[in-house]
1. Please work out which residue is nearest to P358 (Cα to Cα), limiting yourself to segment 303-337 and to residues that are polar (S, T, N, Q) and not in a helix (DSSP H, G or I).
2. Would you mind stating whether T124 is modelled with pLDDT under 90, of a type in the set (V, I, T) and either assigned to a strand (DSSP E or B) or open to solvent by 40 Å² or more (accessible area, probe 1.4 Å) (or both)?
3. Which of (1) open to solvent by 50 Å² or more (accessible area, probe 1.4 Å); (2) over 30 Å from V257 (Cα atoms) is the odd one out, the single condition K340 does not satisfy?
4. Pick from segment 394-405 the residues that are surrounded by fewer than 17 Cβ atoms within 10 Å (Cβ to Cβ) and in contact with a strand residue (DSSP E or B) (Cβ under 9 Å, 6 or more places away or on another chain): which of them is farthest from V301 (Cα to Cα)?
5. Can you tell me which residue in segment 414-440 is modelled with the lowest pLDDT, limited to those that are of a type in the set (A, V, I, L, M) and either exposed (fewer than 15 other Cβ atoms within 10 Å of the Cβ) or not in a helix (DSSP H, G or I) (or both)?
6. Only one residue in V355, V388 is in a helix (DSSP H, G or I), hydrophobic (A, V, I, L, M, F, W, C), open to solvent by less than 70 Å² (accessible area, probe 1.4 Å) and under 15 Å from E421 (Cα atoms), so which one is that?
7. Looking at (1) touching a helix residue (DSSP H, G or I) at 6+ places or on another chain (Cβ under 6 Å); (2) within 30 Å of V424 (Cα to Cα), can you tell me which one P358 breaks?
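The values are calculated or read from the model by the stated rules, or taken from the named source; none is laboratory data. In this text the structure is predicted, and so the values were computed from the model without any measurement. Cβ coordinates were reconstructed from backbone atoms using ideal geometry, including for glycine residues, and neighbour counts include every protein chain displayed. Ligands, DNA and RNA are stripped out before the accessible areas are found, and what is left, the full protein with its side chains, is counted by its heavy atoms. Shrake-Rupley method; radii C 1.70, N 1.55, O 1.52, S 1.80 Å.
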Amino acid sequence: MGVTGPSGPVLDRDEVDRALARLGAEHEAIETSLLALQDHAGRRLLEGAELTGTTKERWETTDASITLLWAYFDAYAGALRSAREIRSRRRWSSREDLVELTELLRGESVTVAGSASATAAAPTMAGTGRLSERFTLAELVERMNELYASSLDMVVAADAVWSALPARIDLLAAELQRTRRLAHSVGVRPGEHPSGDDLERITRTLTSLREQVVSDPLAFWSPAQGSSAPGGGRPDTTRYDREARALEEVRREIDAVLTVRQDAEARLVRLRDVLSRADRTLSEARNARGEVLAKIAASEVPAVSGPPTALQEQLATAAEYRRHAQWHRLSPLLESLEEKAEDELLRARESLSAVTAPLAVRAELRGRLDAYRAKVARHGFAEDPLLVERYDAARRMLWSAPCDLRVAEQAVLRYQQAAAEVLVPRVPGHGGPQDRRGES
């Protein structure tokens, strides 16, 4: 490289040959990439689609960029062909040839001319006021790489959305139609049941969604954060996923209605049984309340409500729905009735327990009194005058009507205390109680 040209040191023959080999490899790689982009399914779809919105704007730019890419490539190929022709003139290139090759390989020797339609939307010549540009071969390669990356990114993103979403929407739409037919068979219709309205809304949304995805796929693309690779990102399925979840909820509602149709009679029988038990328990509580008021004095006895007539009316309505196959109305009514019937039975049982509590207290006092009497009898103190007197007093109170529980409880406690004194008196000098028979 002893000689110098207008572009710097003149390349020698070996440097020229190495540069031509490298440029030839780049030419093949660029041509392969451009042909792959030209044949890309996404590009062909974009070329023939009626686009709208963001996709339409970006495709206009991308289409112009692809056109410009081919113009750049043709200019690059022409420059490479010219350089090869100069190099092939002689086995040992002359100084003039080397100067010409150096200028061609290193200088701004490539002029790219483009039409207004090809360059108006491209992100290179647009706005420059010029329909041609001059490049070095290195600059031209860099420019082609930039245009190729941006074009491929747009094409891959659109193709990814078209490959993913329309097919999924179609599958969901088919499932929607099956669900609509099933819903109609069990009376779930628009205007009559919320799930029927939901199905209509989902149908409209899916139709609109598919149209938007087909015409503007880039509106449903989420680029990957921090990724510079073409096509880095994923389809945005947020709206699709929301409708899929909504349809799943409707399907569960339809399944519930179908379940009601299958076992409605059995559930109605169980409901009648639960309400009948609640009614009998309340009747028992009312009878027990009268007994308590007659037998127990000075006791607060809660009032007992009447039978659950409102639930009986709703049960009759449920039976009417079943007879007329109005399953969509029967389903929520049965669920509500089952919960209310169990609550009613629990309330009836609690009412019976509250009413009979005084009788249970009296029974407990009677049992305690007899248990202590049996205990003192086992120890030979059944005829003890104090115990006999206190036992008789407590027994009269507990077996008489009306029974004053507070007074009777005090009498039982006095008998317990007397029995304890007889059975376990404290012996002087000892730490614990001892039976009287132990003293004798």
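1. The extreme case among them is S305.
2. no
3. Only one criterion in (1) open to solvent by 50 Å² or more (accessible area, probe 1.4 Å); (2) over 30 Å from V257 (Cα atoms) is unmet by K340, namely (2).
4. A401
5. Filtering segment 414-440 for residues that are of a type in the set (A, V, I, L, M) and either exposed (fewer than 15 other Cβ atoms within 10 Å of the Cβ) or not in a helix (DSSP H, G or I) (or both), the one modelled with the lowest pLDDT comes out as V427.
6. V388 is the lone residue from the list that is in a helix (DSSP H, G or I), hydrophobic (A, V, I, L, M, F, W, C), open to solvent by less than 70 Å² (accessible area, probe 1.4 Å) and under 15 Å from E421 (Cα atoms).
7. Unmet condition: (2).
Results for (1) in a helix (DSSP H, G or I); (2) open to solvent by 60 Å² or more (accessible area, probe 1.4 Å), shown as yes or no for each residue.
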position	(1), (2)
L209	yes, no
Q212	yes, yes
R234	no, yes
R239	yes, yes
R242	yes, yes
A246	yes, no
E249	yes, yes
